[in-house]
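The values are calculated or read from the model by the stated rules, or taken from the named source; none is laboratory data. What you see is a predicted model, and the numbers here were worked out from it, not measured in a lab. In this analysis, Cβ positions are derived from the backbone assuming ideal geometry, glycine residues included, and neighbour counts consider all displayed protein chains.
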Amino acid sequence: MDIEPRILIVDDEENLLRSMEKTLFRQGFDVGTAGGNIEGIEAFDEAVEDEEPFDLVIVDLNMPDFDGNEQKYAGLDLLAKIKEDHDVPVIVNSAWDEVEIAKKCIDAGASDYFVKGRNEEMLRKIHTVLGIE
Amino acid sequence: MGSTQTDANITLEKALRRANLLAAATEVSQNISHITDIDELLPKTVDIICDAYDFYYAGVFLVDGEGEFAVLRAGRGEPGRIMMENNHKLAVGGNSMIGAATALNEARISLDVDTEKVWYPNPVLPETRSEMALPLGVGSKVIGAVTVQSTEEAAFSDEDISSLQAMANQLAIAIENANQRRMLVDAHNELIRTKTYEAIATATSDAIHWIGNKSEPIRSSVKRIQDDLQTLLCAIADALVDAPQGIKANPVVDLLMRETENVHQNNPDMADMLERIKRFSPKRLARHLSISSVQEDLQIIDEAAVLIQQIKEELIGPAREQAPRPAMVSDVFQDAISGLQLPAEIKIETDMQNDLPLVMADPLQLNRVFVNLLKNAYEAMEEQSSPLIKVRTRLDNTGHNVVIEVEDNGVGIEDSRQDKIWISFHTTKGLKGHAGLGLSACRLIMEQVNGEITVESELGTGSTFTVKLPAYTGKEVREKGESGEGRILIIDDQDGWCQFAVETLETHGYTVDMCDDSYEAEDYGVYNLILFDDILMNAESGDVLERVRVSGAINKALGMTSNPRVERTKDRKLLGVFDLLPKPYTQADLLNNVKSTVELFTALSIS
C-alpha cells in the first residue's frame with residue numbers, strides 16, 4: 001500500500017475505541033477517532049478540508065447525538081449527515097443484537113452491520129469495502 | 001265441613017309453601033356450593049335467594065377481622081349497590097337485627113316493621129314490611145349474617161326460619177370454604193414468591209461466584225505479562241550493553257535500548273532484579289524469562305473473555321421478551337438441525353409428523369431450546385463411536401399437547417444429578433463447556449409458554465429429553481386471510497412448511513412453482529415473487545440466492561426464517577433481497593405477508 005487508507009471510528013466506549021484504533025493501525029490503516037456525533041462530523045469535515053478525506057467510517061449506534069445527548073440511533077444520524085455530501089462507506093458496529101435494528105441500518109445505507117463481541121468478520125469486510133486484496 | 005275444608009286448604013297451602021321453601025333452600029345450596037371465589041359467591045347468593053324465595057331484598061354481612069362490625073359484602077339490586085358504596089356496616093351486638101343475630105348466633109324476625117321497637121327504617125329499602133336476620137355460623141363461630149326482607153307483613157313463619165336457617169348454614173359453609181381456599185391460594189402465592197426470590201438470589205449468587213471465578217485469572221495474567229515483558233526487555237538490553245557498536249546502531253536495538261530506559265525510570269527495582277537473574281541457574285532462568293508463559297497467560301485471558309462473552313449470549317436469550325405465536329414444531333426443529341450443522345459423523349434420525357397441530361410459542365425461543373438439546377446430545381456422545389440422535393414428534397394421549405423427544409446414545413446422567421441439570425451455572429463440562437445456563441434457559445422458556453421439559457436418562461445408555469407444548473387451538477385464525485394473484489416461486493425443501501405454503505397459496509388464487517432439488521429454477525424473471533426459506537437442509541441460502549441475484553431478480557425475493565438472526569438478516573439485505581421475515585405458520589399470516597409484498601411490488605413496478 002502506497003497511501004494508507006483512512007478510517008474514522010466513532011464510538012463513545014473509550015477502551016473499545018482505543019482497542020479498535022490499535023487493531024486497525026497495526027493493519028496499516030491511518031485511523032482517526034471520535035467519541036460522538038459532534039466530534040465525529042468535525043473530524044470528518046476537517047479531513048475533507050485538509051484533502052485527506054476518510055475512506056471509511058465505522059460508527060457505533062448508541063452514543064451522543066448532534067445535541068450531545070445519548071441516543072439509541074445517533075450513529076444513523078451521523079451516517080445520514082455524512083452521506084448527504086459524500087459517497088463514503090459507513091459500517092455500523094453496535095452492541096444491539098436485534099434483527100430489526102440491523103435491517104434499519106442496512107436500509108439507511110450502511111455497508112454492513114456488526115454486533116460487538118461477534119465482529120470477527122469486520123476486518124475482512126473492511127478490506128472488501130476498501131477494495132484491498 | 002266448611003271449616004274442615006278451610007283447615008285442609010290451610011294445611012295444603014302450608015305444605016306447598018314448605019315444599020317451595022325447601023326446594024328454594026336446595027336450589028340455593030346447590031347453586032352456591034361450587035362457587036369457590038367469595039367475591040363471586042356472595043352477589044350470586046343474594047340473587048339466588050331473592051329469586052328462589054321471591055324476596056324484596058337480601059344482603060350478606062360478614063363480621064370484620066376485629067369482630068366489631070358486620071360489614072355488608074353483597075346486597076340485591078340498586079339498594080345493595082348504594083349501601084355497598086356507602087360501606088354499610090352494623091355493630092356486632094348493636095341494636096340492629098343483624099347486630100343481634102351476629103352477637104347471639106340466633107335468627108331474628110320482625111314480622112311488622114312498623115310495630116318493631118329495634119327497627120330503623122332504611123331509606124333505600126322503603127317497601128320492606130317484614131325482615132329476618134339469619135346468623136351465618138360455622139360451629140360456634142359466627143362469621144356473618146344474612147338479611148332477607150319482604151314487602152309483605154308477617155311474611156315469615158316459624159317453619160320458614162328453619163328452612164331459611166338451613167340455607168344460611170349451607171351458605172356459611174360455602175363462605176368458609178371459599179375463605180379457606182383463598183387463604184390456601186394466598187399461602188401458595190406467597191410460597192411461590194418466596195421460592196422465586198430464593199431462586200433469583202441463588203442464581204445471582206451463583207452468577208457472581210461464576211463470574212468471579214472466570215474473571216479472576218484475567219488480572220493475575222495481565223500483571224504477569226506486564227512484569228514478564230519488562231523483565232524480558234531489560235534483560236535483553238542488559239545483555240546487549242557490551243555489544244559492538246555495529247549492533248547497537250541497528251535501529252531495532254536502538255529502539256529497544258530507549259524503551260528500556262523508560263522502564264528503568266518507572267521501575268527502580270529492575271536493576272536489582274537483573275543482577276539476581278544473572279546468578280540464576282539456566283533452569284530457574286527459564287522459569288523467569290519465558291515467552292511460552294506469556295503466551296499461556298494470553299490464552300487464559302482469551303478463554304476467560306470467551307466465557308464471559310458466552311454468558312452474555314446465553315443470558316440474552318431467555319431474557320428477551322417472548323413473542324408467542326402459532327408455530328410448527330417440526331419446521332422449527334428441522335431448522336434447528338439445519339442451522340446447527342453438527343459434524344457429519346453425528347447421525348440424526350427424525351420421525352416428525354407433519355399433520356400435528358401448531359403450538360403457541362415463540363419460534364425463536366423454541367429454536368433455542370432445540371439447539372440446546374441437540375448441543376447437549378452432541379456433547380454427551382463425544383466418546384460414542386456411532387453417535388445417534390433420534391428426534392420424534394407426536395401428539396400426547398390427551399390430544400392436547402405436542403410432544404418432542406430428543407434421544408441420544410451418549411454417556412447418560414446419573415440419577416443423583418438429574419434434578420441438578422436444570423440449575424443455572426451447574427455444569428460438568430468445566431472450562432471446555434459453557435456457563436451451565438442451557439437447560440435452565442430451556443426450562444424457563446418452557447414455563448413461559450405453559451410447556452414442560454423433562455429428562456429420562458440411564459448412565460452409560462443415553463438420555464431422552466421430552467418437551468411438551470400445549471397445542472394451538474385457535475383454528476378460526478388459520479382460516480382467515482385474503483386471496484390474491486400472481487406467480488410465485490418457492491425455494492425450500494419438500495418439508496411440512498413448504499407443503500403448507502404451497503397449499504395455502506394455491507387455494508388462495510396464486511400460481512405456485514417449486515424450485516428443483518438443487519434449489520434452482522429455469523427463469524427467475526417470470527415470477528411476481530420469489531419466496532425462500534432462509535434455512536435450507538442441503539445448501540446455504542446465501543449461495544442459492546446468489547444465482548437469483550445474478551439473474552437480476554433478487555429484489556423480488558422475500559425470505560422467511562424460523563430463527564431470525566442479525567448476521568443472516570443483514571447478509572440477505574446486503575445481497576439485495578426485499579426482506580427477511582419471521583416465518584409465518586398460519587394461513588392468515590402467510591397470505592398477509594405475500595399479498596402485501598406482491599401489491600407493493602406492483603405499486604413499485606418491480607416485476
Exercise. If you go through segment B:23-47, how many residues are surrounded by fewer than 22 Cβ atoms within 10 Å (Cβ to Cβ) and either at pLDDT 85 or above or over 22 Å from residue B:153 (Cα atoms) (or both)?
Worked result: 17
Seminar exercise, completed: Exception for residue B:251 within (1) surrounded by 11 or more Cβ atoms within 10 Å (Cβ to Cβ); (2) modelled with pLDDT of 90 or more falls at (1)
For this session: Considering only segment A:118-133, state which residues are β-branched (Val, Ile, Thr) and in contact (Cβ under 8 Å) with a residue 24 or more places away in the chain.
Result: A:126, A:129, A:132
For this session: Residue by residue through segment A:1-25, note down the ones that are surrounded by fewer than 16 Cβ atoms within 10 Å (Cβ to Cβ) and either within 20 Å of residue A:116 (Cα to Cα) or within 14 Å of the chain's Cα centre (by Cα) (or both).
Result: A:13, A:14, A:15, A:16, A:18, A:19, A:22, A:23, A:25
Exercise. Among the listed residues A:56, A:61, A:78, which satisfies the condition of being surrounded by 15 or more Cβ atoms within 10 Å (Cβ to Cβ) and within 14 Å of chain B (Cβ to nearest Cβ)?
Worked result: A:61
For this session: Answer with yes or no whether residue B:576 is surrounded by fewer than 17 Cβ atoms within 10 Å (Cβ to Cβ) and either closer than 23 Å to residue B:336 by Cβ or touching a helix residue (DSSP H, G or I) at 6+ places or on another chain (Cβ under 8 Å) (or both).
Result: yes
Problem set entry | Selection within segment B:148-161 - out of contact with any helix residue (DSSP H, G or I) (no Cβ under 7 Å at 6 or more places or on another chain) and closer than 18 Å to residue B:45 by Cα | B:149, B:150, B:161
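Rundown of residues vs (1) assigned to a loop (DSSP other than H, G, I, E, B); (2) of a type in the set (Ser, Thr, Tyr); (3) under 18 Å from residue B:438 (Cβ atoms); (4) within 27 Å of the chain's Cα centre (by Cα), yes/no style:
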position: B:331; (1), (2), (3), (4): no, no, no, yes
position: B:336; (1), (2), (3), (4): no, no, yes, yes
position: B:339; (1), (2), (3), (4): no, no, yes, yes
position: B:342; (1), (2), (3), (4): yes, no, yes, no
position: B:356; (1), (2), (3), (4): yes, no, no, yes
position: B:371; (1), (2), (3), (4): no, no, yes, yes
position: B:378; (1), (2), (3), (4): no, yes, yes, yes
position: B:385; (1), (2), (3), (4): yes, yes, no, no
For this session: Return yes when residue A:83 is surrounded by 15 or more Cβ atoms within 10 Å (Cβ to Cβ) and at pLDDT 90 or above and no when it is not.
Result: yes
Exercise. Can you tell me which residues in segment B:136-157 are within 15 Å of residue B:73 (Cα to Cα) and buried (at least 24 other Cβ atoms within 10 Å of the Cβ)?
Worked result: B:136, B:144, B:145, B:146, B:147, B:148
For this session: Give segment A:94-110 a look and list any residue that's within 15 Å of the chain's Cα centre (by Cα), at pLDDT 95 or above and more than 8 Å from every other protein chain (Cβ to nearest Cβ), or say none.
Result: A:108, A:109, A:110
For this session: Pick out the one residue from B:351, B:331, B:335, B:355 that is modelled with pLDDT of 85 or more, out of contact with any strand residue (DSSP E or B) (no Cβ under 7 Å at 6 or more places or on another chain) and not aliphatic (A, V, I, L, M).
Result: B:331
For this session: For residue B:311, state whether it is within 14 Å of chain A (Cβ to nearest Cβ), surrounded by 15 or more Cβ atoms within 10 Å (Cβ to Cβ) and either in a strand (DSSP E or B) or β-branched (Val, Ile, Thr) (or both).
Result: yes
Exercise. Just wondering, is there one or more residues in segment B:88-97 that are touching a strand residue (DSSP E or B) at 6+ places or on another chain (Cβ under 6 Å), outside any loop (DSSP other than H, G, I, E, B) and modelled with pLDDT under 90?
Worked result: yes
Seminar exercise, completed: Scanning segment B:521-562 residue by residue, those more than 22 Å from residue A:92 (Cβ to Cβ) and either assigned to a loop (DSSP other than H, G, I, E, B) or within 11 Å of chain A (Cβ to nearest Cβ) (or both) turn out to be B:521, B:522, B:523, B:527, B:528, B:536, B:537, B:538, B:539, B:552, B:553, B:562
Exercise. What residue, among those in segment B:563-584 that are of a type in the set (Lys, Arg) and within 23 Å of residue B:604 (Cβ to Cβ), is farthest from the other protein chains (Cβ to nearest Cβ)?
Worked result: B:572
Exercise. So which residues in segment A:90-117 are among the charged types (D, E, K, R), free of Cβ contacts under 8 Å to residues at least 60 places away in the same chain and closer than 24 Å to residue A:5 by Cα?
Worked result: A:112
Exercise. What number of residues within segment B:488-519 are under 13 Å from residue B:587 (Cβ atoms), small (Gly, Ala, Ser) and over 37 Å from the mean Cα position of the chain (by Cα)?
Worked result: 1
